[in-house]
Each structure stands twice: as C-alpha cells, then as structure tokens.
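Student: My structure is below; once you've seen it, I'll send some questions.
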Amino acid sequence: MSEQSRRPRRPAKPYRRPQKDPVRILAFEALRAVDERDAYANLVLPPLLRKAREKEGPEKFDGRDAALATELVYGTLRRQGTYDAIIAECVDRPLREVDPPVLDVLSLGVHQLLGTRIPSHAAVSASVELARVVLGDGRAKFVNAVLRKVAQDDLDGWIAKVAPPYDQDPEDHLAVVHSHPRWVVSALWDSLGGGRAGIEELLAADNERPEVTLVARPGRATTEELLGEEAAMPGRWSPYAVRLTEGGEPGAIAAVQEGRAGVQDEGSQLVALALAGVPVEGPDAKWLDGCAGPGGKAALLAALAAERGAVLLASEKQPHRAGLVEKALHGNPGPYQVIAADGTRPPWRAGTFDRVLMDVPCTGLGALRRRPEARWRRRPEDLDNFGPLQRALLRTAIDSVRVGGVVGYATCSPHLAETRAVVQDVLKQRPETQLVDARPFLPGVPELGEGPDVQLWPHVHGTDAMYLALIRRTG
C-alpha cells in the first residue's frame, strides 16, 4: 500500500448555498444596466428601489438599505477611473479582458474597501458572496483574490502607486486622483483659466453627492410650504429654491406629486430667472422655450410668464420628451402650449417672440455630479457633433425674437467649445445683436467673472456648471 493511500482523506466541504444580499444585488443590477444599455443611474435606480420597497419578506428594503444601495452605485460610478487603475494593478491581464460583470463586482468591492467605512473583511466577504450569486463559484475565487490584494492598502496608498506624479504629468495625475478622463480634465482646466487649486476643487466637487434641490413653481407652491419638509433649507441664490440637505425623497412630497413643485438644480432656475428679468422694449406677451425637454425650465418660465399675463410656447423635438414637458406644465396658472418641433426648422414665424430661451443639447460636462457615468461615455469628437447643432439653434433663437427682445443661450457644459465659441461665432455673423451683461440678473450670486456672459460652477456656487449668455436683438 502506498504512503499516499495510507493517509486519511479529508472530508469534502459541504456545499454552501450562496447568501443573497438584496442591497448589493440591486447595486450590481443598476451597474449592469448602466453598462449594457447606456442607461443613466438616476433613471435606473429609482424604479429598482421602488420595487425593492414593495417586496415582502427579507428582501424588502428600508431607508438604510436604499441609502446603502444608492451610495454603492453612485460611489462606484464616480470613482470608476480611480478604481480601474487600482484593479489593473491587481490582475494579471488587461482590464479589457476582464468580463464586464466581473469588473462591476470588483468595482463595487473596491468602493466598499476604499470609499466607505465598511470593515475590510466585511467588504471582501460580501463581494465574494455577491460574485457567487451573480457570477458563480469559479469567478468568485478570482474576485476574492483581487480584493484581498486591494485590501492591503488604503485609497491614499493606492493613489500614490497608480497615479503619475503631478510634476511629471499634471493632467494624468488629476485624471487618476479625481476619476475623470484626461480630456475632460484638460477641457475643464481651460474653462477655469488655469491654476491647480481651482481645478482640484472642481474635480472634487464632481465626485460629491449633490443635494436635492426643489423649485416652488410661482402661483402654485411656495418655498414656505416646502420648507416645512424634513431637513429642508432655503436655496442659496434662487428665491424659489429649497434644498433637501439630507437627500430626502422628493417623490414623497405632496407639492412634487401634484406638480406644483419639482426637482430642479438651482443653476437651472437661475438661467430661467435671468432671462425673465432682462428688460425688453415694447410688449412682453410671447415667450419661447426652444429646447424645452424635459420641462424644468419651461415649467418655471411658464409660471413666471403667467404672472405677467404672457404665454409660453414650449417646443421639444423628441415627442416623448415633449410629453414630459406637457406633464411638467400641466396645471400652470396661465395659458401655454407644448409642441413637438425641430428647433432648427421652426414652424413659427420669425420675429414672433419677446423672450426666447435656447438651452441647447450638449456634452453635459456641467452635471457630472448627477450623471457621473456621462464622463466615461463622452468623447472629444462629440463636440464636433454638438457644435453645428448648437450654432443652428442659436441662429433660430435670434431669428425667432423680435427687435428689442432678448435671447438666452444656455448649456449645461462649461466647455469653451460649447459656450463662448458658439456665441462668438454666431454673433460675428449677426450684427443686429448685442450681448447683455447677464451678471445683474443673477442678484446676490458671487464670483460671476468679468461678464458679459456667466459661468456657474459646482465648487463655487453649489450648482451644476450652467452657462448663460443674454443677447438682445437690436435690428
């Protein structure tokens, strides 16, 4: 009998069914939707959470579960670039060769290890259990091995290993440290005008969870009513804004349910208020929102117009988005009209309107706090597609306003190619226009630059990075 055969055999480990963790499974499902369907987390997550709350039994969510799932999804997306660089140091193959579902589980695990207060052993074990449920035992072993390597250091230690020194490559250093594509870092830096402190503050602000901001639509709701909600505080700049400082669930607020109030970033409110505040020569009865979807600015403009006896025409090219505008304006205290129309081929006559807002489609680089995944989807070449459309829409806006009327050109991007370059190019060809200094029409808002246009910033104003130029037609 051989020596090997004389050794007692170890009893086989009994198979243990993987333990389902509803919070982490939901977070994984949200990340897969973002990756597979190019969905946005802010659209995918709410219905998933709603469904989880409606379940009975152990999979039913409470408030803490929902908060953790939300943090896991958004935290992972915001830090994706940093986490990818760390994971790349811990695997034996290029990241592109790691299956996307495996990478999602790894990223969720890394965020728990390096971006939350979850103890390391709990973060690893929970991630391995998730891998067993959604990937199988074989891949769970790979996840376990990688995360154990990651757990050997903290976030600062890993960044020191994977980020190039600032002195050698400032843009790449900031890209890794603050989890933005290098080209976005470069573009934002150009828009800010240089200096390390400002760009570091902006990139850090992009990775912070933004407050939920509500708008009390004039004639329908008041800020006093909304301030009665838990953890509600007045807005910083807009007289119609209320901030929910601890996140909050806006859908549970009666005024929001009834459409009398809505969720709207304060920067977006300021754009509408500035356009409404500019004096116009002559009548002030016909207003236009030429790119009205999904309807936040249109609802505020329509309410302001109603107070003055004016009528808003809200135009949106995409029919389904026009439906969202109609929903947002339903119940407005004055008359309005919503149409589905292409703003570059407008169905209305030239010179019809006294005020025109054109909040043009853009890269969305000003709203990366709310849509962190957008930073990874956008490419520099996207600017080539948006540029001609933005110029065409601004030309339509100028054509649509009467002599003495005013146009607001707005975009939720601080990229110079989408802001000043567009305005300057179009106005060079339109001698019958002049820029209006927008700063006086944002009263109380500090650090608005030299004008006449205005750029808001997350790290300065606590808003999305909205841009606004006001243009008067003079002939």
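Student: Out of the total accessible area of segment 360-475 (probe 1.4 Å, heavy atoms of protein only), what percent is carbon and sulfur?
Tutor: On the way: 2170 of 4230 Å².
Answer for segment 360-475 is 51 percent, counting heavy atoms of protein chains only.
Student: Just check segment 352-475 against the gyration tensor rule for me: Cα atoms, a ≥ b ≥ c as the square roots of the eigenvalues, rounded for a/c under 1.5, and otherwise prolate or oblate depending on whether a/b exceeds b/c.
Tutor: Details: a/c = 2.21, a/b = 1.32, b/c = 1.67.
It is oblate, given that a/c is not under 1.5 and a/b is not larger than b/c.
Student: Here is a follow-up. Residue 317: which lysines have alpha carbons under 23 Å from its alpha carbon, excluding same-chain residues fewer than 8 sequence positions away?
Tutor: Residue 317 reaches 286, 297, 327.
Student: If you don't mind, there's one more thing I want to ask. Rounded to two decimal places and with Rh computed the Kirkwood way over Cα pairs, what is Rg over Rh for segment 188-309?
Tutor: Here Rg/Rh amounts to 1.04.
Student: Quick check on segment 182-237: take the gyration tensor over C-alpha atoms, sort the square-rooted eigenvalues as a ≥ b ≥ c, and tell me if it's rounded (a/c under 1.5), prolate or oblate. Let's see the in-between values first.
Tutor: Details: a/c = 3.74, a/b = 2.84, b/c = 1.32.
Here segment 182-237 falls in the prolate category.
Student: Follow-up. With the Cα gyration tensor of segment 299-379 in hand, convert its eigenvalues to equivalent ellipsoid semi-axes via √(5λ) and list them largest first in whole Å. Numbers along the way, then the final one.
Tutor: Values: eigenvalues 144, 53, 31 Å².
In descending order, the three semi-axes are 27, 16, 13 Å.
Student: Moving to a separate point now. With a 1.4 Å probe and all protein chains left in place, how much accessible area per residue does the chain have, in Å²?
Tutor: On the way: 22090 Å² over 475 residues.
Using a 1.4 Å probe on heavy atoms only, each residue of the chain averages 47 Å².
Student: Out of residues 5 or more away from residue 314 or on other chains, whose amide H comes under 5 Å of its own, with H placed 1.01 Å from N in the peptide plane?
Tutor: Under 5 Å from the amide H of residue 314 lie the amide H atoms of 289, 337, 338, 339, each far enough along the sequence or on another chain.
Student: Let me ask something else about it. Rank-order 299-308, 430-439 by packing density, defined as the average count of other C-beta atoms within 10 Å over each peptide's residues, highest first.
Tutor: On the way: 299-308: 24.0, 430-439: 16.3.
Per-residue Cβ counts within 10 Å, averaged per peptide and sorted highest first, yield 299-308, 430-439.
Student: Could you give the semi-axes, largest first, of the ellipsoid that matches segment 428-475, computed as the square roots of 5 times the alpha carbon gyration tensor eigenvalues and rounded to whole Å?
Tutor: Working: eigenvalues 121, 23, 11 Å².
The three semi-axes for segment 428-475 are 25, 11, 7 Å.
Student: How about residue 141: which lysines have a C-alpha closer than 30 Å to its C-alpha, ignoring those fewer than 8 places off in the same chain?
Tutor: Leaving aside lysines fewer than 8 places away in the same chain, those within reach of residue 141 are 13, 20, 60, 149, 161.
Student: Work out the length of the dipole vector of the chain about its Cα centre, built from +1 on the beta-carbon of each Lys and Arg and -1 on the beta-carbon of each Asp and Glu, and round it to the nearest 20 debye.
Tutor: 1540 debye
Student: Can you give the convex hull volume of the alpha carbon atoms of the chain per residue, in Å³? Don't skip to the answer; put the middle values down first.
Tutor: Values: hull volume 79.2 nm³, N = 475.
Each residue corresponds to 167 Å³ of Cα convex hull volume.
Student: Determine the shape class of segment 19-103: with a ≥ b ≥ c the square roots of the Cα gyration tensor eigenvalues, call it rounded for a/c under 1.5, and otherwise prolate if a/b is greater than b/c, oblate otherwise. Intermediate values should be presented prior to the final figure.
Tutor: Values: a/c = 2.28, a/b = 1.98, b/c = 1.15.
Here segment 19-103 falls in the prolate category.
Student: Could you work out [θ]222 nm for the chain from helices alone, using -39500 (n - 2.57) per DSSP H run of at least four and dividing by all its residues? Round to the nearest 500 deg cm²/dmol. Could you put the intermediate results ahead of the total?
Tutor: On the way: 21 runs with 222 residues, N = 475.
My calculation for the chain gives -14000 deg cm²/dmol from helical runs alone.
Student: Let me ask something else. To check you understand DSSP bridge types, tell me what percent of the beta bridges within the chain (both residues inside) are antiparallel, rounded to 5.
Tutor: On the way: 22 of 40 bridges.
The answer is about 55 percent antiparallel.
Student: Would you work out what percent of the accessible area of segment 23-168, with all protein chains in place, is carbon or sulfur (probe 1.4 Å)?
Tutor: Details: 3480 of 7210 Å².
Answer for segment 23-168 is 48 percent, counting heavy atoms of protein chains only.
Student: Taking H placed 1.01 Å from N in the peptide plane, check which residues at least 5 places from residue 464 or on another chain put their amide H under 5 Å from its amide H.
Tutor: Residues meeting the criterion, in which the H sits 1.01 Å from N, are 266, 267, 268.
The values are calculated or read from the model by the stated rules, or taken from the named source; none is laboratory data. Only a predicted model underlies this, so the values are computations on that prediction, with no experimental measurement involved. Neighbour counts run over all protein chains shown; Cβ positions are idealised from the backbone, glycine included. The accessibility values were calculated without ligands, DNA or RNA, using every heavy atom of the protein model including side chains. Shrake-Rupley method; radii C 1.70, N 1.55, O 1.52, S 1.80 Å.
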